[in-house]
Amino acid sequence: MQGFINLNKPFGLTSHDCVARLRKLLRLRKVGHGGTLDPSATGVLPIAVGKATRLLQYLPTDKAYKATIQFGVQTATDDLEGDVLATHPADNLTLEQVQPHLARFQGTIEQIPPSYSAIQVGGKRLYDLARAGEAVEAPMRTVQVYQIEILDWRSGQFPELDVWIACGSGTYIRSIARDLGAAIGTGGTLAALLRTQSSGFELSQSLTLEALTEQIETKTFQPIPPTMALQHLPSIVLSDSLAQRWRQGQRIYWQEVTSLQLKPASPTTWLSLGETDRLYRIQEAGDQFLGIATYGIRHEEERLLPKLVWETGT
């Protein structure tokens, strides 16, 4: 069994817990996940099974979340799972006061990850250092936040703001909640987090653990094939003879593929053959996935260079 699962992670389980459960359900050791979610977060958790674990690094990295930010509360973990460090009732805080501050958290921004996170400092995880009582601040990192959209506002002693956030890899929504609260002057923490999109998978098409278990037990489960999970990559469809040479590890010259059918990932994708940093999804007729390659020059010859060769039928 090879492919992907678009899992809707439930509250309370770690990403590793989900992998462990799927290993038992599928009776398969080779199971991995992309884009870790905290136990208190829910939503899209991409899962790879079998050889597809080798493809996790090639999935798109953008993510989207629905987040609830609570003002007037500061916690050790920057979410409601941690010890409360301070409270500052903010009964008079209004959405009109909060809204102008959101602009500073969009675009290319610098942020400090939460003290309780999986980032390593000196070879140790920050959450392990924090639990051991060592005060270590994570290094500043540059992240991309494409859009923040206001969804709802609830006033009160500790008002709450619901937002939709589209961002790049490595962005901590807990840090945005903490820093937004600091910018306003009330303090803030993350009250709830739902990931609606990750690695090209959408929440609307995800499976709960219960639904997945039922499909496996009734033998109706089918993993998402690599060709669907890698739709963001333009594809090169090889002829039968070139596909055979690809499988055998033989050289394929660039001029042999430039006349073949090149399928863009989307109508707006600009394709320029011969870009050395562009990844291509290699297929043969019938959408049979063969692997991933790039353009390159070896011994003054332009070639299709394999990055990953997918062994079919295993």
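Just checking, how many residues over region 85-114 are part of a loop (DSSP other than H, G, I, E, B) and either at pLDDT 95 or above or not charged (D, E, K, R) (or both)?
Qualifying residue count, region 85-114: 10.
Consider residue 180 against the criteria (1) touching a helix residue (DSSP H, G or I) at 6+ places or on another chain (Cβ under 8 Å); (2) over 20 Å from residue 65 (Cβ atoms): it satisfies all of them except one. Which criterion is unmet?
Residue 180 satisfies all of (1) touching a helix residue (DSSP H, G or I) at 6+ places or on another chain (Cβ under 8 Å); (2) over 20 Å from residue 65 (Cβ atoms) except (2).
Hey, residue 192 hits all of (1) hydrophobic (A, V, I, L, M, F, W, C); (2) open to solvent by 40 Å² or more (accessible area, probe 1.4 Å); (3) part of a helix (DSSP H, G or I) but one; which does it fall short on?
(3) is the only condition that residue 192 fails.
If I filter region 172-185 for residues that are open to solvent by 50 Å² or more (accessible area, probe 1.4 Å), on the phi < 0 side of the Ramachandran plot and either at pLDDT 95 or above or part of a helix (DSSP H, G or I) (or both), do I get at least one hit?
yes
For region 60-80, which positions are polar (S, T, N, Q) and either under 22 Å from residue 209 (Cβ atoms) or part of a loop (DSSP other than H, G, I, E, B) (or both)?
Correct list: 61, 77.
Criterion first (under 19 Å from residue 77 (Cα atoms) and touching a His at 6+ places or on another chain (Cβ under 8 Å)) does residue 180 satisfy it?
Against the criterion (under 19 Å from residue 77 (Cα atoms) and touching a His at 6+ places or on another chain (Cβ under 8 Å)), residue 180 qualifies.
Mind listing just one residue for me: the one in region 286-309 that is part of a loop (DSSP other than H, G, I, E, B) and more than 16 Å from residue 233 (Cβ to Cβ) and, of those, least open to solvent (accessible area, probe 1.4 Å)?
Per the criteria, the residue is 286.
Restricting attention to region 1-59, and to residues there that are over 21 Å from residue 219 (Cβ atoms), in contact (Cβ under 8 Å) with a residue 24 or more places away in the chain and assigned to a helix (DSSP H, G or I), which single residue is most open to solvent (accessible area, probe 1.4 Å)?
Here the residue is 54.
Scan region 195-207 for residues that are touching a residue at least 40 places away in the same chain (Cβ under 8 Å), open to solvent by 30 Å² or more (accessible area, probe 1.4 Å) and either aromatic (Phe, Trp, Tyr) or outside any strand (DSSP E or B) (or both) and jot them down.
Once the filter is applied, which keeps residues that are touching a residue at least 40 places away in the same chain (Cβ under 8 Å), open to solvent by 30 Å² or more (accessible area, probe 1.4 Å) and either aromatic (Phe, Trp, Tyr) or outside any strand (DSSP E or B) (or both), region 195-207 yields 200, 203, 205.
The values are calculated or read from the model by the stated rules, or taken from the named source; none is laboratory data. If you're wondering where the values come from, they're calculated on a predicted model, not measured in any experiment. Backbone-built Cβ (ideal geometry, glycine too); neighbour counts: all protein chains shown. Accessible surface areas use protein heavy atoms only, side chains included; no ligands, DNA or RNA. Shrake-Rupley method; radii C 1.70, N 1.55, O 1.52, S 1.80 Å.
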